[in-house]
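Working notes, structure below.
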Amino acid sequence: MGREVRRVPADWQHPRYTEENAPHGRAVGRYIPMFDGGYAEAAADFLEKANAEGLQEAIDYYGEAPKQENYMPDWPQEQRTHLMMYEDTTEGTPISPAFATPEELARWLTDTGASSFGDQTASYEAWLRVAKGGFAPSAVLYDGSLTSGVEAIA
């Protein structure tokens, strides 16, 4: 759990809750959390467990069967031209727009004071390392102090 880069099409607009699908009124307009990775793989894993150990065991293990709407779209690689920073403490919601390069993404995250953990932000160099490397944990406890994972791995 922390911050991760996801490759998306240039025109990707992460879905938001509407009055029709929001779990409560305060959620309207907020991003809908979505898992990264493929729905097909998650569904295959669920079915494998259900077939091997029984449906109830699979439900007990996974909580419920995977739902396609809970996963990012499975675009062809050639369409995944841009980078977006996501928080994945929940299933995953964006904390940035899409950018063509890691440098542009890191600059935007720095200039806007984007959250690297709670109310902490990170330096350009730290954001750039994550933008190029793909992932940072939420936080790291180091020498008795809790710090952003983005800064800790820089």
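The values are calculated or read from the model by the stated rules, or taken from the named source; none is laboratory data. Since the model is a prediction, treat every value here as computed from it, not as a measurement. Heads up, the Cβs are rebuilt from the backbone with ideal geometry, glycines too, and the neighbour counts pull from every protein chain shown.
Taking the stretch 103-132 as the range and being in contact (Cβ under 8 Å) with a residue 60 or more places away in the chain, of a type in the set (Gly, Ala, Ser) and closer than 15 Å to residue 6 by Cα as the test, only 131 passes.
Residues 26, 107: which one is among the basic types (Lys, Arg), over 30 Å from residue 154 (Cα atoms) and assigned to a helix (DSSP H, G or I)?
Numbers: 107 fails: over 30 Å from residue 154 (Cα atoms).
So the residue among 26, 107 that is among the basic types (Lys, Arg), over 30 Å from residue 154 (Cα atoms) and assigned to a helix (DSSP H, G or I) is 26.
Of everything in the stretch 110-134 that is assigned to a helix (DSSP H, G or I) and among the acidic types (Asp, Glu), the residue that is surrounded by the fewest Cβ atoms within 10 Å (Cβ to Cβ) is 111.
Once the stretch 135-154 is narrowed to residues that are of a type outside the set (Ser, Thr, Tyr), in contact with a helix residue (DSSP H, G or I) (Cβ under 8 Å, 6 or more places away or on another chain) and in a strand (DSSP E or B), the residue that is farthest from residue 87 (Cα to Cα) is 140. Please specify each residue of the stretch 68-97 satisfying the condition of being within 20 Å of residue 110 (Cβ to Cβ) and either among the aromatic types (Phe, Trp, Tyr) or more than 8 Å from the chain's Cα centre (by Cα) (or both). Answer for the stretch 68-97, where residues must be within 20 Å of residue 110 (Cβ to Cβ) and either among the aromatic types (Phe, Trp, Tyr) or more than 8 Å from the chain's Cα centre (by Cα) (or both): 82, 83, 84, 86, 95, 96, 97. Of all positions in the stretch 85-103, at least one carries a residue that is modelled with pLDDT under 95 and in contact with a helix residue (DSSP H, G or I) (Cβ under 8 Å, 6 or more places away or on another chain).
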